[in-house]
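Read the structure below first, then the notes.
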Amino acid sequence: MERFLTKDFLSGLMFIAFGLGALYVGQHLAIGTPVRMGPGYVPRMLSLIMLALGVLICIISLVSGSEPVEKPKWKPITLVTIGIVCFALLFERAGLIPALIVLILISSLAGEEFKLTEVIGNIVVLSILCTIVFKIGLGMNISVVQGIW
């Protein structure tokens, strides 16, 4: 049973699951031929490639062995998820920057070390970059801080 609970084997299973899922979702698309590709040709080929890679990874992990999977670390999983949910809830109500501040603060608590100066630096840099990319660069109609823009 330990041979099946390795990182590589489970990664291979993940590839197989995504490949099967993509095949299922795209089953109604016309495949066509290599010369006249239909809308389902590329998704079907990519799905088959993912399936083949998954099977290959599983076989290699069974033959050569791999690292065992470690127990999940619940603190980072929980805090990052809470940060994303808070970002989603605050984004429209408070704007981009307040939502980013809350996301970064909560997600930073998930790490082993918490240094307030580094977190503040992350907040400043990411707020500036996100404002430049989304508001100015892409011209998206989002409020940076509710009521100002």
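General remarks:
- Relative contact order of the chain: 21 percent, from C-alpha pairs under 8 Å at least 6 residues apart in sequence.
- Highest-first arrangement of 134-142, 56-64, where packing means the average Cβ count within 10 Å: 56-64, 134-142
- Of the labelled figures (1) 17.5, 55; (2) 22.1, 61; (3) 23.6, 80, only one reflects Rg and Dmax of the Cα atoms in Å as derived from the coordinates, namely (2).
- Accessible area of the stretch 25-140 belonging to carbon and sulfur atoms, whole % at 1.4 Å probe: 75 percent
- Mean separation of Cα contacts under 8 Å, 6 or more apart, over the residue count of the stretch 70-149: relative contact order %: 34 percent
- Excluding ligands, DNA and RNA, the accessible surface per residue across the chain is 71 Å² with a 1.4 Å probe.
The values are calculated or read from the model by the stated rules, or taken from the named source; none is laboratory data. Keep in mind it's a predicted model, so treat the numbers as computed, not measured. We place every Cβ from the backbone using ideal geometry, glycine too, and count neighbours over all the protein chains shown. These accessible areas exclude ligands, DNA and RNA; they are computed on the full protein's heavy atoms, side chains included. Shrake-Rupley method; radii C 1.70, N 1.55, O 1.52, S 1.80 Å.
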